[in-house]
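The values are calculated or read from the model by the stated rules, or taken from the named source; none is laboratory data. Predicted model, so just to flag it, every value in this text is computed and none were measured. No Cβ is skipped: glycine too gets one built from the backbone with ideal geometry, and neighbour counts run over all protein chains shown.
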Amino acid sequence: MRSDPKRYIVLQIVKWLAYALLIAVCFFAETSGSYVKPLLLIPAALCISSHTGEIQSAAVGTVCGLLLDIACGKLLGYNAVWLVICCVAVSLLHNYYLREKLLSMLILTVICTALQGYLDFVFYYAIWGHDDVALVYTHYLLPSGIMTVIASIPLYFLIGAINRRCGSHRTNELEKTVIRNNY
């Protein structure tokens, strides 16, 4: 039951083009509208990372983090560093410990979004001693974080559909292991 290498390469190209299109749509959604909106690049990067290896997830985290910095008007690289760490951790957790479940992805998204919001609050508002910084947290950061976690649900299913259609990295590795053990 060996798969055709050319078909595998074509499916991988299609999968990464679909990821790039999804990331572009998330970026455009973040750069339009009001100030309170979900940070779609965070759950998109985490969901993609749950289906890829560590190096690919670091690249996805870098790209999504830089786009998030541009969309939020932050120092270039600020969110990129944090998102690379989160994406690699999610990739490692899903490759070695966690199953592909919505609940585990929601928990990881809550953790990463909460820590990103906390770091954003501390380094951009609280550390400078602005008046009424609690209002920034309750009116902007907290609603945005909640919307980000809720937005991760459709992104989880969309990215899962892309992987089922194009073949998951872990599924292909499992097939190679089974083929090696049988021959």
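What the table below lists for this structure:
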{"item": "Verdict on Ile42 being under 18 Å from Leu115 (Cα atoms) and either among the β-branched types (Val, Ile, Thr) or outside any helix (DSSP H, G or I) (or both)", "result": "yes"}
{"item": "Residue satisfying condition, being closer than 18 Å to Trp82 by Cα and surrounded by 24 or more Cβ atoms within 10 Å (Cβ to Cβ), within set Ile48, Ile70, Ile23", "result": "Ile48"}
{"item": "Region 125-151, residues that are among the hydroxyl-bearing types (Ser, Thr, Tyr) and in contact with a Leu (Cβ under 9 Å, 6 or more places away or on another chain)", "result": "Tyr125, Ser144, Thr148"}
{"item": "Unmet criterion (only one of (1) under 23 Å from Leu119 (Cβ atoms); (2) touching a residue at least 60 places away in the same chain (Cβ under 8 Å); (3) of a type in the set (Lys, Arg)) for Lys74", "result": "(2)"}
{"item": "Among (1) farther than 26 Å from Leu17 by Cβ; (2) outside any helix (DSSP H, G or I) - the single one Leu115 does not satisfy", "result": "(2)"}
{"item": "Some residue of region 72-88 being of a type in the set (Phe, Trp, Tyr), farther than 22 Å from Gly167 by Cβ and at pLDDT 90 or above", "result": "yes"}
{"item": "Of residues in region 73-111 being under 18 Å from Phe123 (Cβ atoms) and under 10 Å from the mean Cα position of the chain (by Cα), the one surrounded by the fewest Cβ atoms within 10 Å (Cβ to Cβ)", "result": "Val84"}
{"item": "Complete set of residues in region 31-45 that are surrounded by fewer than 24 Cβ atoms within 10 Å (Cβ to Cβ) and free of Cβ contacts under 8 Å to residues at least 60 places away in the same chain", "result": "Thr31, Ser32, Gly33, Ser34"}
{"item": "Residue ID - farthest from Leu83 (Cα to Cα), chosen from residues in region 124-144 that are surrounded by 13 or more Cβ atoms within 10 Å (Cβ to Cβ) and free of Cβ contacts under 8 Å to residues at least 40 places away in the same chain", "result": "Val133"}
{"item": "Filter result for Ala114 (surrounded by 13 or more Cβ atoms within 10 Å (Cβ to Cβ) and either modelled with pLDDT of 90 or more or in contact with a Gly (Cβ under 8 Å, 6 or more places away or on another chain) (or both))", "result": "yes"}
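For every residue, the table says whether it meets (1) under 22 Å from Gly145 (Cβ atoms); (2) aromatic (Phe, Trp, Tyr); (3) part of a helix (DSSP H, G or I); (4) modelled with pLDDT of 95 or more.
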| residue | (1), (2), (3), (4) |
| --- | --- |
| Ile9 | no, no, yes, no |
| Tyr19 | no, yes, yes, yes |
| Ile23 | yes, no, yes, yes |
| Pro38 | yes, no, no, no |
| Ser57 | yes, no, yes, yes |
| Ile70 | yes, no, yes, no |
